[in-house]
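See structure below.
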Amino acid sequence: MSSISLPPPALDAALASQGQTAVSAAELARRGHTHQTAVSFEASFLSSMFQTMFKSVTTSAPFGGGEGEDMWKSFLAEQMAKQVSKRGGIGISKSIEREMLKLQGLTEAPQ
């Protein structure tokens, strides 16, 4: 069998020439988990806000009312919060993620 030698990846050479090192897979995984946690926190916060907002919303008698409506309002608030947060939210997740990364000793953007 002949041995095949592959050239080193250009990305690693470019990073090394700039004095930077490649980001490890473990660090990328931590960053991804941190991002998901921050987005989840924002969704939880927004869900509480939406539920409070929906408490003052009333519907007319033929189409609403009762315990079932209250239960479904909470599901609606939760799903709305998840979608708002997933699509960028109101900025809470970015601040939370930045602080969580600082606590882990990581910079905001991977190097």
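Worth a mention:
- Condition met for LYS55 (among the basic types (Lys, Arg) and at pLDDT 85 or above): no
- Verdict on ILE96 being under 25 Å from the mean Cα position of the chain (by Cα) and assigned to a loop (DSSP other than H, G, I, E, B): no
- Test result for GLU27, modelled with pLDDT of 65 or more, surrounded by 14 or more Cβ atoms within 10 Å (Cβ to Cβ) and touching a Gly at 6+ places or on another chain (Cβ under 6 Å): no
- Taken as a whole, the range 35-42 holds no residue that is modelled with pLDDT under 90 and surrounded by fewer than 16 Cβ atoms within 10 Å (Cβ to Cβ).
- Hits in the range 73-111 (condition: within 16 Å of ALA38 (Cα to Cα), surrounded by fewer than 13 Cβ atoms within 10 Å (Cβ to Cβ) and among the small types (Gly, Ala, Ser)): GLY88, GLY91, SER95, ALA109
- Test result for PHE50, touching a Leu at 6+ places or on another chain (Cβ under 9 Å) and modelled with pLDDT of 90 or more: yes
The values are calculated or read from the model by the stated rules, or taken from the named source; none is laboratory data. Here the structure is a predicted model, which is why all the values come from computation and not from measurement. Here the Cβ is made from the backbone with ideal geometry for all residues, glycine too, and neighbour counts use every protein chain on show.
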